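Okay, so here's the structure we're looking at.
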There are 2 protein chains.
Amino acid sequence: MSIIEGNAVIGQSGGPTAVINGSLVGVIDGLRGFGAVKKIFGMRHAVRGLVNDDLIDLTDTPQALLDRVALSPSAALGSTRDKPDAEYCQRIVEACKRHDVRYFFYIGGNDSSDACRIVNERANDAGYELRCFHVPKTVDNDLMENDHTPGFPSAARFVATAFGADSLDNASLPGIKINIVMGRHAGFLTAASALARRDPADAPHLIYLPDVPFDTERFVQDVAETYERVGRCQIAISEGIEDEQGQSIGAKLIAGETDDHGNVQLSGSGALGDSLAELLKTRLTPVGGKPPRVRADTFGYLQRCWPDASPIDRAEARQAGRFAAERAHSGDIDGSVAIRRTSTPGPGEDYSSKMERVELSAIAAKTRHMPAEFIKGHNDVTDAFLDYCRPLVGELPTLARL
Amino acid sequence: MSIIEGNAVIGQSGGPTAVINGSLVGVIDGLRGFGAVKKIFGMRHAVRGLVNDDLIDLTDTPQALLDRVALSPSAALGSTRDKPDAEYCQRIVEACKRHDVRYFFYIGGNDSSDACRIVNERANDAGYELRCFHVPKTVDNDLMENDHTPGFPSAARFVATAFGADSLDNASLPGIKINIVMGRHAGFLTAASALARRDPADAPHLIYLPDVPFDTERFVQDVAETYERVGRCQIAISEGIEDEQGQSIGAKLIAGETDDHGNVQLSGSGALGDSLAELLKTRLTPVGGKPPRVRADTFGYLQRCWPDASPIDRAEARQAGRFAAERAHSGDIDGSVAIRRTSTPGPGEDYSSKMERVELSAIAAKTRHMPAEFIKGHNDVTDAFLDYCRPLVGELPTLARL
């Protein structure tokens, strides 16, 4: 088998990011001028649109509009939380046949790469030649094989900017401030809060990742000690923190809604931050007869859609889409795209990266956690993490103090 | 009496903003080169620092550092929530005498202008000549006499940017999204969410201000109707919404902590948004056996400290500080600074403004509400509001759709 003629279809799945449209436009970039592809369709709300024949023809969408869409956050085609099972994937293959689709691109996280893998299997079983490419996307940064994933650097930029500014606010009216950060199983995004520090003693003073078991008593002690020593305390907490038994602290507090992937809904609620704030108000020593000033903010969806994306993230998201399209031209291969860093992380190092094709099975339904060398004790990150993360987010605002 | 020689002291009070340091540096701008002022002191944490002799000498702080501080959010001197009563104000006057302070500048909102007014009275009663100037600051935009107040345009810029990006997120994974916006008694900041619309039918679909009584049943009906018609619903709700009896909805839900001004703590908790989200999940018609997707974000403190300030706000904040210092040179006057718009609001109008001195009593402890001509029905704002607000926030990110 070599180059097969037919149409292409592109979908965007799962939680959107600030740069997911860069990958969409990147795939189109890579397909235009490739003669074997006749039409380029977009799936409205991912595979749900595909099986319902709800497609948008992108073949002739003006480049100028695409270039503007590439810079706009959130999934321009619409997304879905549907998790296709075997029968659903069968319907996807049927839809591909119906629309003469031979090139299937799916931009998403680990669940999406698994959907891509199953579609690929179903098509193979049916003897229907279909190139299946997954393009990585997730603010959680939890895909295997990748140095980092498109979407993460921009979300990390938001988190680092927010912690820097919020620390000045907290210094201005001193107290205890909890900020809840996205990240279900991997702490990368919460760890990015540390980029706000000017020196190692600066805020955030405490960082709690889902990769380290969360002990409520130890948390209270940590905060009391910091507040006593510094006179204030800014705290980064992942929405995904778990206790020693692996139980999600947030899930116990939030009503318990689950999505089709069996994931408990963590974002879109302030319950975790509010409950930890209440705990501290109750447990910490009163100052002048009143509990210390404790506030909690949950950064929420702005983390993944804030329109001031990291420049590197913008470039790589588009490049990843283009790379997938170009690989799909080259014969009977399927796969995912992995970003590899080609420079050694470190202060002053110029950053560079390259794309590589990896097997779908290497990514699908797997979760990457924070490496041990990025985690310091039970409430901090290492310099190795800072060296890793800093080049990704771009220049942060300079915040001056008197 | 004419020009009196002595020192000057500057304080920053209440909730900080993205541009409050612009006003601090503006006062210093206006005092430097004014021979009657020998030393310029900053109060550490406002009047609390003054009465405790916790001052910072700013007389020789390098201009380059001041220029950087002016661009950094949150109160560089530190702030306080202390509300000085008559006895406290007496101690303030004593502290001024102790430090040979003859020029007293206080940057803050309506409570701060009232403190300034009382200090002025106490000094007069004591026969101690003290120029007292208030410099306006509040993200709530609720000071009398002012077209708008420094701090508001930058917070409005954050809110408008956030609603625009979050609307794309909500369109991508359709559902009901509640965003809680700061603003205790005046709805200006919540109203600014409407700047995110590209056309009148665009999101935010519903806007609830504290200036209009909030009826829970009508709210549920509004959301159900919009969700049915549009397939999604993005909602802006002020943290300060009140029921028909003037009871704060948020205060009923949040533990009930009050500050020294008797204000119930509304920010720093997700309880209002979470409870309204729960209400909608319970009351709206299930889709496929499941409640509709309802999420709530509470924008929190990032609204007042996000470091991408409005350019006009930056300029005016500094100008207001400088204006106060210059007026204080001109003899035995005290007062506050009011921003007047000198252009007619309207599409395509160039924006311009000027500063005027007003009496402290015209501002002190008063609250300005949204004018009736800015409010449309019970859940929207008028074009007049958009014309008023749009020039203040600066250029917003262009968000493109397919």
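Overview of values
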item: Residue check for A:A156: surrounded by 24 or more Cβ atoms within 10 Å (Cβ to Cβ), more than 12 Å from chain B (Cβ to nearest Cβ), over 22 Å from A:I10 (Cα atoms) and not basic (K, R); result: yes
item: Of residues in the stretch A:235-263 being within 16 Å of A:G300 (Cβ to Cβ) and of a type in the set (A, V, I, L, M), the one modelled with the lowest pLDDT; result: A:I254
item: Residue list for the stretch B:335-345, filter: at pLDDT below 95 and crowded, with 16+ Cβ neighbours inside 10 Å; result: B:P345
item: So B:A224, is it in a helix (DSSP H, G or I) and in contact (Cβ under 8 Å) with a residue 60 or more places away in the chain; result: yes
item: Only one of B:R198, B:R184 that is modelled with pLDDT under 95 and within 14 Å of chain A (Cβ to nearest Cβ); result: B:R198
item: Qualifying position, being farther than 30 Å from B:F299 by Cβ and at pLDDT 95 or above, among A:E349, A:E356; result: A:E356
item: Test: residue in the stretch B:155-166 that is at pLDDT below 95 and assigned by TED's automatic domain parsing to the domain that holds B:T298; result: no
item: Residue match in the stretch B:4-25 (condition: in a loop (DSSP other than H, G, I, E, B), over 19 Å from B:R304 (Cβ atoms) and not aromatic (F, W, Y)); result: yes
item: Residue in the stretch B:123-136 that is surrounded by fewer than 18 Cβ atoms within 10 Å (Cβ to Cβ), within 14 Å of chain A (Cβ to nearest Cβ), free of Cβ contacts under 8 Å to residues at least 12 places away in the same chain and under 24 Å from B:G6 (Cβ atoms) present; result: no
item: Some residue of the stretch A:325-336 being in the same structural domain as A:G42 (by TED's automatic domain parsing), in contact with a Pro (Cβ under 9 Å, 6 or more places away or on another chain) and not β-branched (V, I, T); result: yes
item: In the stretch B:55-87, the residues that are among the hydroxyl-bearing types (S, T, Y) and surrounded by fewer than 18 Cβ atoms within 10 Å (Cβ to Cβ); result: B:T59, B:T61
item: In the stretch B:304-318, residue farthest from the other protein chains (Cβ to nearest Cβ) [restricted to those that are assigned to a loop (DSSP other than H, G, I, E, B) and not acidic (D, E)]; result: B:S310
item: Identity of the residue in the stretch A:380-402, touching a residue at least 60 places away in the same chain (Cβ under 8 Å) and over 22 Å from the mean Cα position of the chain (by Cα), that ends up surrounded by the fewest Cβ atoms within 10 Å (Cβ to Cβ); result: A:R401
item: Count of residues meeting criterion [buried (at least 20 other Cβ atoms within 10 Å of the Cβ) and more than 10 Å from every other protein chain (Cβ to nearest Cβ)] in the stretch B:261-302; result: 3
item: Selection status of B:S113, within 18 Å of the chain's Cα centre (by Cα), within 14 Å of chain A (Cβ to nearest Cβ) and buried (at least 24 other Cβ atoms within 10 Å of the Cβ); result: no
item: Unmet criterion (only one of (1) surrounded by 21 or more Cβ atoms within 10 Å (Cβ to Cβ); (2) without any contact (Cβ under 8 Å) to a residue 40 or more places away in the chain) for A:C233; result: (2)
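Conditions (1) touching a residue at least 60 places away in the same chain (Cβ under 8 Å); (2) more than 12 Å from every other protein chain (Cβ to nearest Cβ); (3) in contact with a strand residue (DSSP E or B) (Cβ under 6 Å, 6 or more places away or on another chain), marked per residue:
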{"residue": "A:A18", "(1), (2), (3)": "yes, no, no"}
{"residue": "A:V37", "(1), (2), (3)": "yes, yes, yes"}
{"residue": "A:H45", "(1), (2), (3)": "no, no, no"}
{"residue": "A:Q63", "(1), (2), (3)": "no, yes, no"}
{"residue": "A:S72", "(1), (2), (3)": "yes, no, no"}
{"residue": "A:K83", "(1), (2), (3)": "yes, yes, no"}
{"residue": "A:K97", "(1), (2), (3)": "no, yes, no"}
{"residue": "A:G109", "(1), (2), (3)": "yes, yes, no"}
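The values are calculated or read from the model by the stated rules, or taken from the named source; none is laboratory data. What you see is a predicted model; the values in this text were computed from it and never measured. Neighbour counts are summed over all protein chains in view; Cβ atoms, including those assigned to glycine, are modelled from backbone coordinates with ideal geometry.
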